[in-house]
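See below for the structure under consideration.
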């Protein structure tokens, strides 16, 4: 069963063909990073216009790489949220047009749920129940997954998500955009010698990273940072320390069998290493290219949704603030 996945939630125009929810036949991505880097962040209007230019060629490339025709496809999966409204609309409208023209079923996919399903593309033996730590530019969530489509959100960010905090910290330190890779690269040359606070939010599984960002800003503004590399390493460690500790604590509390890591920040090497080393349970992590936004994860999730009979009509619309529940 081959599914075409379409992803346009932010600044990546992506299309992929995945077979049976696990086998990637193609995975094409058109990145806008260089375009938005000059602005120090994503400009929504620019992002949506680039999606319009890239979406058809990317779909054609994905189908050519997979060596499939429209007749070979069993359905279309498309991201409906969360994300930028203008960007999401491009992908959803194209998906609906194709579904109508080709007589294919369509299913709308939650972008965060898609990140979880990147683990099904990594040749992992996945066993329920499990806890998934989703860390991306706009989200830091801890989710209990009891089966396909069966989720309970145990914790989420109260302010800045981990990826957003990295972007802001990189801007404070003059490291450029995107912030996550910039912080990670700078941190390799430094040591975590600067004391930065951790918001443990006692009694809660939620996250908060605005405080550590503000603490870094005050140190920089006060001229108390002599090494950008040390500041980057200290900030990175402060964020990852909380992410790992809370994920492990929640996994123990709910007596799950595994911990899954997902989302763009999941490509951070220190986060991957610390979670594996500190967890008493098996930790599953997709390869970095499947952690960042891509359409293969959307197609994988779409496969399981279509298998469960979850299809949408042509009135399918975007939900920019869509939650996991």
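If you take the residues in the range 123-143 that are in a loop (DSSP other than H, G, I, E, B) and under 15 Å from the mean Cα position of the chain (by Cα), which one is modelled with the lowest pLDDT?
Step by step, filter the range 123-143, then rank; the result is 137.
Which residues, counting only those in the range 251-271, are surrounded by fewer than 20 Cβ atoms within 10 Å (Cβ to Cβ) and within 18 Å of residue 130 (Cα to Cα)?
Answer for the range 251-271, where residues must be surrounded by fewer than 20 Cβ atoms within 10 Å (Cβ to Cβ) and within 18 Å of residue 130 (Cα to Cα): 252, 253, 254, 255, 257.
Output the number of the condition that residue 68 fails; it satisfies all remaining conditions of (1) under 21 Å from the mean Cα position of the chain (by Cα); (2) farther than 19 Å from residue 317 by Cα; (3) in a loop (DSSP other than H, G, I, E, B).
Tallying (1) under 21 Å from the mean Cα position of the chain (by Cα); (2) farther than 19 Å from residue 317 by Cα; (3) in a loop (DSSP other than H, G, I, E, B), residue 68 fails exactly one: (1).
Only residues that are more than 12 Å from residue 88 (Cα to Cα) and in a helix (DSSP H, G or I): list them for the range 29-44, please.
Result: 33, 34, 35, 36, 37.
Among (1) in the same structural domain as residue 180 (by TED's automatic domain parsing); (2) farther than 25 Å from residue 170 by Cβ; (3) touching a residue at least 60 places away in the same chain (Cβ under 8 Å), where does residue 303 come up short?
With (1) in the same structural domain as residue 180 (by TED's automatic domain parsing); (2) farther than 25 Å from residue 170 by Cβ; (3) touching a residue at least 60 places away in the same chain (Cβ under 8 Å) applied to residue 303, the lone miss is (1).
The values are calculated or read from the model by the stated rules, or taken from the named source; none is laboratory data. Keep in mind the model is a prediction, meaning the values are calculated, not measured. Counting neighbours? That spans all protein chains shown, and the Cβs are built from the backbone with ideal geometry, glycine included.
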